[in-house]
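Notes follow the structure.
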Amino acid sequence: MTSLAFARPTLVAIAAAMSCLAAQAQAQDKVLNLYSARHYQTDEALYANFTKATGIKVNRIDADDAGILTRLKSEGASSPADVVLLVDAARLWKAEEEGLFQPVKSGVLQSRIPATLRGRDTGQGSAWFGFSTRARVVVYNKATVNKDDVDTYAELGDPKNKGRLCTRSGSHPYNLSLFGSMLERQGAEKTEAWLQGLSNNMARAPKGGDTDQIKAVATGECQVALTNSYYLARLMRSDKAEDRAVMDKVAIVFPDQQGAGTHVNVAGGAVAAHAKNRAAAVQFLEYLAGDEAQGYFANGNNEWPAVTSVKPANPALDAMGTFKQEAVPVAAVGANQAKVQQMLDRVGYK
């Protein structure tokens, strides 16, 4: 009797311990480690809603794109990263080429994200997916420039605009993506001649960011510039008098509306090559393609949702209106960046 009495609590204790371990293992499975180059307040609600819907906790590490790629390479197979969010097609392509992502084959992602906005399909799926888009637009001084002289990308390299153009560095990923698109559209010879034209037309040496180019146009330092659309949207939505004064002096044009369409870039995500929580990672990417998440993801940086049926609730984007997008796949744009950089070196576009 003593033996049996001793055995019962032992078995109960073992069963309780096993149950506890199972619960702990399940809790460990309910985790997603995210490396993100996005730093927007709306993302907090995005991640909280994912956790609420799935029970999966999101552990986030923030850095810029370059910092994330460096970290992934240094960590190698020991990296805890499950999902990586980056903000440029050229950087997404580079990470794919360096083996930092793994392909995902998902019916949800394939049906919701247009083929032009995701990585090339290797047969095992795509290595990354775009979740929001921005346009590379032209901003010009309303008092000094005729819109018809700057409503195509080609015209920015035309001698009629000599001494008028401002841009950030030609080697910045935003410009590399546009130039890679032009290479895909018109071939190497025409693209290099166009880049030479851009370099010849500079009002001053390339410097600063996109907001600096917009302000330079407003002050008259230059007359026309290239910028991502969301920089304009930020100024349009600003409460600062100086920002409103800038927007009063400039106008925007979506280039090539009678031709191939305006170049668009993406912010996107991928499953990390050594993801320990792959199922949760795929679930998170599919969540980002949902209607509600698309709104949060895009509006966080004044962008357009990748899912075309989702309309952003953003007055600045509404004010810009609709436009024709180019059909060049963003994966091809990223793949062209090395060739474009060589062209930039040859023509002296720093």
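Carbon-plus-sulfur fraction of the accessible area of the stretch 270-350, 1.4 Å probe, in percent? Mind dumping the intermediate values first?
Numbers: 1800 of 3400 Å².
Reported share for carbon and sulfur atoms: 53 percent.
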## Note on the structure
A student applying the Cα gyration tensor rule (rounded when a/c is under 1.5; otherwise prolate if a/b is larger than b/c, oblate if not) would label the stretch 29-147 prolate
### Query
Restricting to the chain, what percent of DSSP beta bridges are antiparallel, rounded to 5?
65 percent
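Quote to one decimal, in nm, the extra length available between K324 and H39 on full extension: 0.36 nm per residue of separation minus the C-alpha distance between them. All intermediate terms of the calculation are to be shown ahead of the outcome.
Working: separation 285, 0.36 × 285 = 102.60 nm, distance 2.86 nm.
Computed gain between K324 and H39 is 99.7 nm.
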### Query
What FRET efficiency do you get for S238 and T144 if R0 is 25 Å and r is their Cβ-Cβ distance, rounded to the nearest 0.05?
0.60
### Query
Which of the lysines could a cross-linker span from K162 if the Cα-Cα distance has to be under 24 Å and same-chain partners fewer than 8 positions apart are dropped?
K142, K147, K190, K207, K215, K249, K350
### Summary
Rounded to whole Å², per residue accessible area for the chain with a 1.4 Å probe reads 44 Å²
### Query
For R278 and K105 in one chain, what is 0.36 nm times their gap in residues minus the Cα-Cα distance, to one decimal in nm?
61.1 nm
### Query
What is the local net charge at N314, summed over the other residues whose Cβ is closer than 13 Å to its Cβ (Lys, Arg +1; Asp, Glu -1)?
+2
## Note on the structure
A student asked for the Cα radius of gyration and Dmax of the stretch 117-262 in angstrom ought to give 16.0, 53
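The values are calculated or read from the model by the stated rules, or taken from the named source; none is laboratory data. Keep in mind that this is a model prediction, so the values were computed, not measured. Cβ: placed from backbone, ideal geometry, glycine included. Neighbour counts: every protein chain shown. Quick note on the areas: whole protein, heavy atoms, side chains included, nothing else; ligands and nucleic acids left out. Shrake-Rupley method; radii C 1.70, N 1.55, O 1.52, S 1.80 Å.
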